[in-house]
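These notes are about the structure you will find just below.
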Amino acid sequence: MEKECIFCKISANTLKASVVFENEHIIAIMDIQPINEGHVLVMPKKCYQLLHQLPIELSQELFRVVAEIEKTLWHIEGISCEGTNILQNNGRSAWQEINHVHFHIIPRFTGDNFKIKYQSKRPTRESLDELSDKIKKVLDY
């Protein structure tokens with residue numbers, strides 16, 4: 001457990017949270033600064049800073065929980081859910097603020113004013129194929 005990690009404190013039951021789901025390895029809580037009502041955070045109890053540091057079995061279990069909670073949000077009375085975003089910010093340059101892997105499940109509805117702005121690039125098919133080949137060569141799957 002990281003001494004100052006808020007999610008480690010929640011996982012260790014030393015800091016209060018509104019728990020949605022909990023088992024031996026994973027905890028899901030309500031976000032205290034939600035983008036929309038029903039915004040849930042799902043994380044491993046053990047502290048890993050980056051997604052690629054998780055053992056594959058834990059990442060699979062983690063995403064199963066994410067998928068089940070996301071599916072549930074569509075059916076909860078009082079939550080406007082016309083869609084969802086599932087976000088995982090991985091590293092400071094990707095807006096990760098807490099150094100503990102976590103997924104955001106955000107219910108979405110028309111006019112909710114949450115936006116992610118970006119400027120898309122327009123690579124050539126050749127450059128996409130070249131990059132695809134590089135990834136395939138290293139991919140351990």
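Results, tabulated for the structure shown:
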| item | result |
| --- | --- |
| Selection count where residues are polar (S, T, N, Q) and closer than 21 Å to ILE6 by Cβ, scope segment 37-84 | 2 |
| Boolean, GLU22 is at pLDDT below 95, of a type outside the set (Phe, Trp, Tyr) and surrounded by 13 or more Cβ atoms within 10 Å (Cβ to Cβ) | no |
| Filter result for VAL42 (within 29 Å of TYR118 (Cα to Cα), at pLDDT 95 or above and touching a helix residue (DSSP H, G or I) at 6+ places or on another chain (Cβ under 7 Å)) | yes |
| In segment 102-141, the residues that are of a type in the set (A, V, I, L, M) and in contact with a strand residue (DSSP E or B) (Cβ under 6 Å, 6 or more places away or on another chain) | ILE105, ILE106 |
| Filtered residue count, segment 64-89, keeping only those that are surrounded by 15 or more Cβ atoms within 10 Å (Cβ to Cβ) and farther than 18 Å from PRO34 by Cβ | 1 |
| Residue identified as touching a residue at least 12 places away in the same chain (Cβ under 8 Å), under 12 Å from the mean Cα position of the chain (by Cα) and under 16 Å from PRO107 (Cβ atoms) among VAL20, VAL42, VAL65 | VAL42 |
| Lone qualifier among LEU73, LEU51 - being more than 16 Å from GLN88 (Cα to Cα) and at pLDDT 95 or above | LEU73 |
| Strands (runs of 3 or more DSSP E) wholly inside segment 30-141 containing at least 1 residues that are over 23 Å from LYS9 (Cβ atoms) | 83-87, 103-108 |
| Condition check for VAL101: of a type in the set (Val, Ile, Thr), surrounded by 15 or more Cβ atoms within 10 Å (Cβ to Cβ) and free of Cβ contacts under 8 Å to residues at least 60 places away in the same chain | yes |
| GLU4 being part of a loop (DSSP other than H, G, I, E, B), charged (D, E, K, R), out of contact with any strand residue (DSSP E or B) (no Cβ under 9 Å at 6 or more places or on another chain) and within 30 Å of LEU139 (Cβ to Cβ) | no |
| Residues of segment 1-19 satisfying the condition of being crowded, with 19+ Cβ neighbours inside 10 Å and either of a type outside the set (A, V, I, L, M) or under 22 Å from GLU77 (Cα atoms) (or both) | PHE7, CYS8, SER11, ALA17 |
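The values are calculated or read from the model by the stated rules, or taken from the named source; none is laboratory data. Only a predicted model underlies this, so the values are computations on that prediction, with no experimental measurement involved. Neighbour counts run over all protein chains shown; Cβ positions are idealised from the backbone, glycine included.
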